[in-house]
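Everything below concerns the one structure shown next.
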Amino acid sequence: MRDNLGFALEGAWQVLAAGLLLGAGLPAVFALGIRSLAWGTGGAAEVAADARPHPAGRALAGLCFLVVVVGIGAGLYVILAAGGIA
Amino acid sequence: MTEATLILVLVIGTALAFDFTNGFHDTGNAMATSIATGALRPKVAVALSAALNLVGAFLSVEVALTVTNAVVKVQDSSGAPRPELTADHGYALLLIILAGLVGGVLWNLLTWLIGLPSSSSHALFGGLIGATIAGLGTAGVNWNGDGSKLDGVVGKVILPALMSPVIAGAVAAVGTWLVFRITAGVAERFTENGFRWGQIGSASLVSLAHGTNDAQKTMGVITLALIAGGHWSDTGAVPFWVKLSCALAIALGTYLGGWRIIRTLGKGLVEISSPQGMAAEASSAAVILASSHLGFALSTTHVATGSILGSGVGKPGAQVRWGIAGRMVAAWLITLPAAGVVGAAMWWLGHLLGGYAGPLVVFAVLAALAAYMFRRSQAQPVHPGNVNDEWDGTPSTARRQEVTA
């Protein structure tokens, strides 16, 4: 029982750390992408409806979405490399 | 047909039935939030999830033959059944597996009927543990492992069940909070649309992981039964037809959609919006993948429920129906013992009658109770047309038991 608890706590920290990085970090990057896209689109996308469009916002949004796609790709690679889930 | 062949056929049939219930029981884990926010139409969501489960089942290249070793001692470390159980073409072992599977299926159907997401792996393990205690005594159960790694009922079932929902919930809460902070000031009509795409992507990842994770367990059980019966000898591989039939069973179950459970997860816990849905599914996917990478067993149901609750905690001003969450936790706590009691009862029934009659009567009990629960479900059906109705407005089964606040 004590052995198992030790192993589990040790694993829990690793899962929490990886979870925060990928499971909360990637959505945050995605949100940043949405924010940039709204800034880039301007007009009705922002709450202040008279905002001007900014082309740089679109580029930044593209970068954010790229990071997210790479992150998902890494996740898929983990599934394949680990050979399934125990 | 000999007694041993009959029981083997019944074991395979019941295992595929379990895989099928596993599919529709867990559709909601991946797709409930996407259906609730309207990111995907209900039928499209279950079709996508089913396809990804099918693909995921074939991705599981690691042989899951030792899946029962985590909780019961019916195999040696190579995956071969223990020799004392394989006399008489494995009748003794097959009866334990059959009784365990029946316990798992019945618990899955009952929790589906009352719309509660509960862990299919716990139901399977519970059934097997109960049948093993009945058949071999408590010494047949691997309670704690040997202390060299995370193992046994405590290490592979109980501790992950306590920890994984909390971790998933914390990750989802942080993710939701960040997302709402970052997008504050962007018009909602703009964010809802963008986050729907993020939601579809993250939910797809959860579906894929589910197929890899859960179909494997049934493949391992069927292959164990084949080895016990002397029809297969390679402990390093699963026969192709087993892989194919398990993949199809879980995908079909997923496509059928456990609408009662989808409704509870998508509408019952939290009024969910697209950003929350994306944060919840991203948390589930990350926690499941990270755990699998580190070699920890966990239940996708526990993770998904924790994530959805976390997304409610993380959104400023969101309301979480803790009463429903409490009922779910209660169901989780009794899943293992309840499935175990059914598994044990079925073993005794089968053992008492023995011969041809034992397994046939056990199977008949399963069929009769399954038909009864299906009929009960028709009294208040939940389907793609009403799955998203207001939680308080429609007379769903779950709502009748809810105490009005």
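The values are calculated or read from the model by the stated rules, or taken from the named source; none is laboratory data. Quick caveat, the model's predicted, so the values are computed rather than measured. Because the Cβ atoms are built from the backbone with ideal geometry, glycine has one as well, and the counts that use them run over all protein chains shown. These accessible areas exclude ligands, DNA and RNA; they are computed on the full protein's heavy atoms, side chains included. Shrake-Rupley method; radii C 1.70, N 1.55, O 1.52, S 1.80 Å.
Remarks
- Residue B:241 accessible area, 1.4 Å probe, all protein chains in place, Å² to nearest 10: 120
- Taking every Cα-Cα distance in region B:258-405 and sorting them into 5 Å bins from zero, the calculated P(r) comes out as 2, 8, 13, 14, 16, 14, 11, 10, 6, 3, 1, 0, 0 percent.
- Of the whole protein surface, residue B:363 contributes about 70 Å² of accessible area at a 1.4 Å probe radius.
- Under the convention that each Lys and Arg Cβ holds +1 and each Asp and Glu Cβ holds -1, the size of the dipole of region B:3-401 around its Cα centre is about 940 debye.
- Accessible-area value, residue B:372, 1.4 Å probe, nucleic acids and ligands omitted, Å²: 130
- Separation between Cα centres of region B:157-234 and region B:12-43, rounded to whole Å: 12
- For region B:1-109, the convex hull spanned by the alpha carbon atoms encloses 132 Å³ per residue.
- Shown for region B:159-188: residues covered by the partner protein chains by 50 Å² or more of accessible area relative to the chain by itself (probe radius 1.4 Å), namely B:159, B:163, B:167, B:171, B:182, B:186.
- Max mean-square fluctuation residue, GNM over chain B, Cα-Cα springs under 10 Å, options B:112, B:391, B:259: B:391
- Share of pairwise Cα separations in chain B, more than 43 Å, in percent: 10
- Taking all pairs of distinct alpha-carbon atoms in the protein assembly as shown, Kirkwood radius in angstrom: 22.8
- The residues of region B:14-56 present an accessible area of 23 Å² per residue when probed at 1.4 Å with all protein chains retained.
- Accessible area of region B:3-401 belonging to carbon and sulfur atoms, whole % at 1.4 Å probe: 67
- Solvent-accessible area buried by B and A, counting both chains, probe 1.4 angstrom, square angstrom: 4000
- For the segment B:275-281, counting C-beta atoms of other chains within 10 Å of every residue's C-beta and taking the mean gives 3.
- Shape descriptor for region B:181-226: Rg over Rh equals 1.41 (Cα atoms; Rh from the Kirkwood inverse mean 1/r).
- Protein-only accessible surface order, largest first, of B:240, B:24, A:7 at 1.4 Å: B:240, A:7, B:24
- A dipole drawn for region B:3-401 from +1 and -1 charges on Cβ atoms has a positive end, and of B:355, B:170, B:95 the residue lying farthest that way is B:170.
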